[in-house]
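None of the figures in this text is laboratory data; all of them are computed from the coordinates on show. Remember, it's a predicted structure, so these values are computed and weren't measured experimentally. A quick note on method: Cβ atoms are made from the backbone with ideal geometry, for glycine too, and the neighbour counts reach across all protein chains shown.
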Amino acid sequence: MTTKPEPAESEVGGLSALSEGRRKRIFVQLAAAAAVLIAAILSILAFFMVRQADLLRGALVFLLQAGTATLLGIAALSLGAIVILIVTGVHSGHWERVVRPMVVRLMLPLAVGVGRLIGISRDEVQGSFLSVNNALIGGRGRTGLEASEILVLLPRCLQWADCPHKVSQEVHRCQRCGRCSLGAIVEETESLGVATFVSTGGTQARRLVKELRPKVIVAVACERELTEGIRDVGNIPVVAVINSRPEGPCFNTDVDPGCVTLAIRELIEEGVDSERVPV
Ligand code: SF4
C-alpha cells in the first residue's frame, strides 16, 4: 500500500493562517460594488417614474427609494462593521450575533452575483467570505476554551475512497495508516480530547451541533458546504478550513492537518471572546 508522505506542519499556523489578508478584500469589495450597482439601478428606475407622476407611480417610486435606502443602509452597516471589527480586533460576538446573519443571507449572494459578472468564481468569493469569518473568530479579551467545548466536523470525502474502515460511524476506527489526512487530525484531536466526527451531510452536522452544543466549531469542507453550514448554526463561531480537491469535488479531498490542529490548539490556549460564546 502506498503511504502518503507525512504532512508538513503549517509555517504560519492557527487562525491567522485561515484568514489571509488579500483574500478578505475580494468579498468586501464585491459586496460593496453589488450594493452600489443595485442601488443605482433602483434610483434610475425611480428617476424615470418620478417624471410621469400619478398616484400609482408615486407609490412605486416611494418603494424603489425605500428599497435603495434599505439596501445601502444594510451594506454600509455590515461592510463597515466588518472593516471596523477587523481593524480594531474588538468584536465581542457582534459578528456572529448581528453582522454575520445579514452578510451571509444578503451581501454574500449579491457579491457572488457581481463576481460572476466579472469572472470571479463563486468558490473564490465564498472563500474570501470565509477568510473574513475566520479573521473575526479571534480578537482581544479572549479566554481559553476547554477541549470539550470544541466540535470538529470533517467531511466524508476527506477519507481515502478505498479505506475499509467506517469512520463516519466512529471516527476512532481510523487506523492512522497515513493514506489520507484524516488520520493525523484524529490522532491530534484524540490526544487533546476534542470531539471529532466525520459528517455525512448537513442534516447530521446540524444534529451533532444540537446535541453537543459546542462553543466553537472547527469545520473542514468545500467553500459551499462551509458557507451553508455557517448560515445554519445560528450564532456559534465557526472556524472554516477549506479542503483541496485534487481529484475533483467530493472525492479523495485533502487538507493540511497542521492548519486544523494549530487552530484547535489556539482555541484551547486563547479561546474566543468570552462575550461571544453562546449560551
Ligand atoms: S481514514 Fe484512517 S485508516 Fe482510512 S485511509 Fe485515512 S488514515 Fe488510513
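Work out the P(r) tail for the stretch 142-276: percent of alpha carbon pairs separated by more than 20 Å, whole number. Walk me through the intermediate numbers first.
Details: 3701 of 9045 pairs.
For the stretch 142-276, the share of Cα pairs beyond 20 Å comes to 41 percent.
Would you mind putting 75-81, 107-113 in packing order, based on average other-beta-carbon counts within 10 Å, highest first? Please list the in-between numbers first.
Values: 75-81: 17.7, 107-113: 21.1.
In decreasing order of mean packing, 75-81, 107-113 become 107-113, 75-81.
Counting pairs on different chains as well as pairs 8 or more places apart, how many Lys pairs in the chain have Cα atoms under 28 Å apart?
Details: K4/K166; K24/K215; K166/K210; K166/K215.
Qualifying lysine pairs in the chain: 4.
Test of understanding: express the Cα radius of gyration of the chain as a ratio to 2.2 N^0.38 Å, with N the residue count. Can you show the working numbers first?
Details: Rg = 21.3 Å, N = 279, 2.2 N^0.38 = 18.7 Å.
Output field value: 1.14.
Once you place label points 7 Å from the Cα toward the Cβ at V87 and L63, how far apart are they in nm?
Roughly 3.8 nm, to one decimal.
Of the listed peptides 125-136, 161-172, what is their order by residue-averaged count of other C-beta atoms within 10 Å, with the highest listed first? Could you put the intermediate results ahead of the total?
Details: 125-136: 25.1, 161-172: 13.7.
The peptides rank, most packed first, as 125-136, 161-172.
Taking the chain as the reference, fit the longest principal axis to its C-alpha atoms, fit the long axis of helix 21-50 to the helix C-alpha atoms, and give the angle between the two in degrees, 0 to 90, nearest 10.
Approximately 20 degrees, to the nearest ten.
Measure nothing fancy, just the Cα-based angle from helix 223-232's long axis to the longest principal axis of the chain, in degrees from 0 to 90, nearest 10.
Long axis of 223-232 versus the principal axis of the chain: about 80 degrees.
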